[in-house]
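Chemist: Encoded as structure tokens, here's the structure I'll be asking about.
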Amino acid sequence: MIANLSPATDRFALLRREQLEHLPQLAHLPRSERDALRAVAHVLPFAVNRYVVDELIDWSRAPHDPLFQLTFPQRDMLAPEDFERMYSLVRRAAPSAELREAAREIQMRLNPHPAGQATLNRPATHPHLKGVQHKYRETVLFFPSRGQTCFSYCTYCFRWPQFVGLEELKFAASEAGGLADYLRSHKEVSDVLVTGGDPLVMRAEMLERYLEPLLADDLAHVTTLRIGTKALAFWPQRFLTDPDADQLLALFERVVKSGRHLAFMAHFSHPRELETASAQAALARVLATGAVVRTQAPLIRRVNDAPEIWERMWREQVRLGAVPYYMFVERDTGPRQYFEVPLERGWRIFREAYSAVSGLARSVRGPSMSATPGKIVVDGVSVIGSERVFVLRFLQARRPEWVGRPFFARFDAQACWFDELEPAFEREEFFFQPAMEQLAAEQRWRTQLRPAASPRAAS
Ligand code: SF4
């Protein structure tokens, strides 16, 4: 463990909805505003730690401060009638069952499972294996059951249903053995992405139990372990002063020494998250283990929707030794209307920032949509013949032969997500749609009719 960098904030604890009332930084707000925050926090997840509150948010700029927008609920995140309903329940101190029921009804209207996660990504050979998604041939996603929370919640998170108790929508794995068994029978898988929530909320000892079985000799085809985390941004103390910080870093070193590539998929939403002494010290410690830190974030209105923000962020990341990787388009779930940026504007922001940085930062791709058929990047807006079109391309796809193939959608200045686009040139469908429908039908057949592959896989 290294010297304490933040004496006031070195013990991890989450402030939740119940504590909103008592947060000194909110004390100047009228009661009605605090009730409004609580009303929204009944529907959307809210939890924030003291480091975010004390060191990241600029309270002199709240509520417009981007880090405040990133972590605190806002009344316009709900439709006006939904907000009024929750607000009046909170104001009259309605019983918690009544609040829960109203919140659940609203949550179910917020598209809790976008992009076919609930059905299409289930492992085809082990449809009852929980906590594992296999969307792309070479990459498996693993959701350890102990990593289903975060160091703070992002208000735009597409995994928000996991945090508000929509139990049936969880992907958590009950144990790691099922994953290792699955990988043994899938030699095409080279990458495992351990994700959550944030898997680094787990104690190092628990993470060891998940990761070490993946280092077995008969899993040599798994050459890359990725960890999807926002710990460097939201809780750098995880690598500095937490009691098991050294144990965690030693685990990373063992993964690297085993000959695997250890990739940190580090979520940074705003350059301020990189500017604290703690964040920079934490990043240096992670890099010293031999891990590579790749950075990614969605483009979010009110948080980072300006080219200068991305330019600053990518420059700083390169300076500190990280590799800019993805700018995502905000997914079509949760309070998307509050955060979404039209695709054309997103592309312009990306292009302006991309053209302002050196080649080393141009490792970044975007703006990219993780849509049902795959990761689709908006390469630009063009005129072909007499038609204005979006030029699109798969960076990753359910069928490898789709990757890299350009295709075109009719230009739509309002469109914010792939489902809102129509094929260009009066075509009836995009080239991959027939195959996509077939894939969905096959997966329905497998998951409905096929029995569990083994009792273990079904656990
Ligand atoms: S850290 Fe990631 S998983 Fe956690 S709330 Fe933020 S976006 Fe969601």
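Chemist: Check E212, E205, E188 and return the single one that is part of a loop (DSSP other than H, G, I, E, B), more than 16 Å from the ligand (Cβ to nearest atom) and either in contact with a strand residue (DSSP E or B) (Cβ under 7 Å, 6 or more places away or on another chain) or free of Cβ contacts under 8 Å to residues at least 60 places away in the same chain (or both).
Modeler: Values: E212 fails: part of a loop (DSSP other than H, G, I, E, B); E205 fails: part of a loop (DSSP other than H, G, I, E, B).
Step by step, each of E212, E205, E188 is checked, and only E188 is part of a loop (DSSP other than H, G, I, E, B), more than 16 Å from the ligand (Cβ to nearest atom) and either in contact with a strand residue (DSSP E or B) (Cβ under 7 Å, 6 or more places away or on another chain) or free of Cβ contacts under 8 Å to residues at least 60 places away in the same chain (or both).
Chemist: Scanning segment 265-285 for residues that are aliphatic (A, V, I, L, M) and away from the ligand (no atom under 15 Å from the Cβ), which turns out farthest from I57 (Cα to Cα)?
Modeler: Quick first cut of segment 265-285, residues aliphatic (A, V, I, L, M) only: 265-266, 274, 277, 279, 281-284.
Subsequent filtering for residues that are away from the ligand (no atom under 15 Å from the Cβ) retains 274, 277, 281-284.
Numbers: L274: 13, A277: 15, A281: 20, A282: 19, L283: 20, A284: 23 Å.
Taking the candidates together, the pick is A284.
Chemist: Now a separate question. Regarding segment 259-272, can at least one residue be identified that is assigned to a helix (DSSP H, G or I), open to solvent by less than 10 Å² (accessible area, probe 1.4 Å), assigned by TED's automatic domain parsing to the domain that holds R226 and of a type outside the set (V, I, T)? Give the derivation first.
Modeler: Filtering segment 259-272 for residues assigned to a helix (DSSP H, G or I) gives 271-272.
Okay, now just the ones that are also open to solvent by less than 10 Å² (accessible area, probe 1.4 Å), so 271.
Adding the requirement that they be assigned by TED's automatic domain parsing to the domain that holds R226 leaves 271.
Narrowing further to those that are of a type outside the set (V, I, T): 271.
Within segment 259-272 (the criterion being assigned to a helix (DSSP H, G or I), open to solvent by less than 10 Å² (accessible area, probe 1.4 Å), assigned by TED's automatic domain parsing to the domain that holds R226 and of a type outside the set (V, I, T)), the answer is yes, since at least one residue qualifies.
Chemist: Go through segment 316-337 and give me each residue that's at pLDDT 95 or above and either buried (at least 20 other Cβ atoms within 10 Å of the Cβ) or not in a loop (DSSP other than H, G, I, E, B) (or both). Steps first, answer last, please.
Modeler: Residues of segment 316-337 at pLDDT 95 or above: 316-329.
Matches in segment 316-337: E316, Q317, V318, R319, A322, V323, P324, Y325, Y326, M327, F328, V329.
Chemist: Filter segment 16-46 down to residues that are surrounded by fewer than 19 Cβ atoms within 10 Å (Cβ to Cβ) and under 21 Å from the mean Cα position of the chain (by Cα), then give me how many there are.
Modeler: Residues flagged as surrounded by fewer than 19 Cβ atoms within 10 Å (Cβ to Cβ) and under 21 Å from the mean Cα position of the chain (by Cα) within segment 16-46 amount to 1.
Chemist: Same structure, new question: Applying the selection to segment 118-154, what residues are within 14 Å of the ligand (Cβ to nearest atom) and either part of a loop (DSSP other than H, G, I, E, B) or open to solvent by 20 Å² or more (accessible area, probe 1.4 Å) (or both)?
Modeler: L141, F143, Q148, T149, C150, F151, S152, Y153, C154
Chemist: Would it be correct to say that R203 is more than 30 Å from T125 (Cα to Cα), of a type in the set (K, R) and buried (at least 20 other Cβ atoms within 10 Å of the Cβ)? So that I can check it myself, show each step before the final result.
Modeler: On the way: more than 30 Å from T125 (Cα to Cα): yes; of a type in the set (K, R): yes; buried (at least 20 other Cβ atoms within 10 Å of the Cβ): no.
Against the criterion (more than 30 Å from T125 (Cα to Cα), of a type in the set (K, R) and buried (at least 20 other Cβ atoms within 10 Å of the Cβ)), R203 does not qualify.
The values are calculated or read from the model by the stated rules, or taken from the named source; none is laboratory data. Keep in mind that what you see is a predicted model, and the values were worked out from it rather than measured. Heads up, the Cβs are rebuilt from the backbone with ideal geometry, glycines too, and the neighbour counts pull from every protein chain shown. Calculation scope for accessible area: heavy atoms of the full protein, side chains included, ligands and nucleic acids excluded. Shrake-Rupley method; radii C 1.70, N 1.55, O 1.52, S 1.80 Å.
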